[in-house]
1. Provide 101, 49 in ascending order of the number of other Cβ atoms located within 10 Å of each residue's Cβ, fewest first.
2. Can you pull the one-decimal nm distance between simple spin-label points at residue 53 and residue 87, each 7 Å off the Cα toward Cβ?
3. Mind ordering 37-46, 2-11, 260-269 by average Cβ neighbours within 10 Å, highest first?
4. For the chain, what does the relative contact order come out to in percent, with C-alpha contacts under 8 Å and a separation of six or more?
5. Taking N as the number of residues in region 134-282, what is its Cα Rg relative to 2.2 N^0.38 Å?
6. Assuming R0 = 25 Å, can you tell me the calculated FRET efficiency for the pair residue 266 and residue 170, based on Cβ-Cβ distance, to the nearest 0.05?
7. Return one number: the angle in degrees, 0 to 90 and rounded to the nearest 10, between the long axis of the Cα atoms of helix 229-240 and the longest principal axis of the Cα atoms of the chain.
8. Spin-label point model (7 Å from Cα, Cβ direction): what's the residue 21 to residue 98 distance in nm?
């Protein structure tokens, strides 16, 4: 078991629900685990502080790369957890990619930046900061804005998480193509194993990860004492057939949706999405 795997649980970046209490997802669906990969920046508190800082500063697009890069460099020197994650990502990149072929590192707003700036620094590569509105800022390895020839160059995109690669397809790949460059590789901390890697492969991007959300990860959680056998069984069933597993749960626990509708506004809203969309054909 890698250090990063244990850090995923230690920082609660991966939370597994108690028995019979699945999490509500933004989509209106439910599931037995929730991932906040950016918590392995060191802790939930430190990660949320950086997100808050980014939100306060991101309108100044020319300055934010330098500011966030500086914060991640400081964290790298202070947090064993964060340093270990970054070092393992860098090693994985070196093991799989000829770094001489990487011209730029890119990272998308906002959580990718937790990892992309620091990796650009260590590999001594210029960085392309991608914003959700598809604008870009190019900086050197230290976060200082530069003019650079980008057309025809090869880009490694660094992200916190890949699920179905929606952000890549919708935003990051088009933004890089607008610059005349191409994303050739992707490096993420966590692959949720929900088809994103295959989608990227289909558009010519090789994707690498430190951790896969699969049965090996769930077995590791059992060994660490994070979950019990019953939770492990639910996780495995969910992994094999998420919709049918959660549909069965809702059929057997009709009170779950009723209670959610009476809960806080966010939970009630997600439960209503589930009902209105008939997401589980109940």
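1. By the 10 Å Cβ count, ascending: 101, 49.
2. Calculated label separation equals 2.2 nm.
3. Details: 37-46: 22.0, 2-11: 18.9, 260-269: 12.6.
Ranked by mean Cβ neighbours within 10 Å, highest first: 37-46, 2-11, 260-269.
4. Values: 460 pairs, mean separation 47.6, N = 282.
Contact order relative to length: 17 percent.
5. 1.40
6. Values: r = 24 Å, r/R0 = 0.97.
According to the calculation, E is roughly 0.55.
7. So the helix axis and the longest Cα principal axis differ by about 70 degrees.
8. Simple spin-label model gives 5.4 nm for this pair.
Bear in mind that the values in this text are calculations on the coordinates, not laboratory data. Owing to the predicted nature of the structure, the values given are computational and were not obtained by experimental measurement. Please note: Cβ atoms are built from the backbone with ideal geometry, for glycine as well, and neighbour counts cover all protein chains shown.
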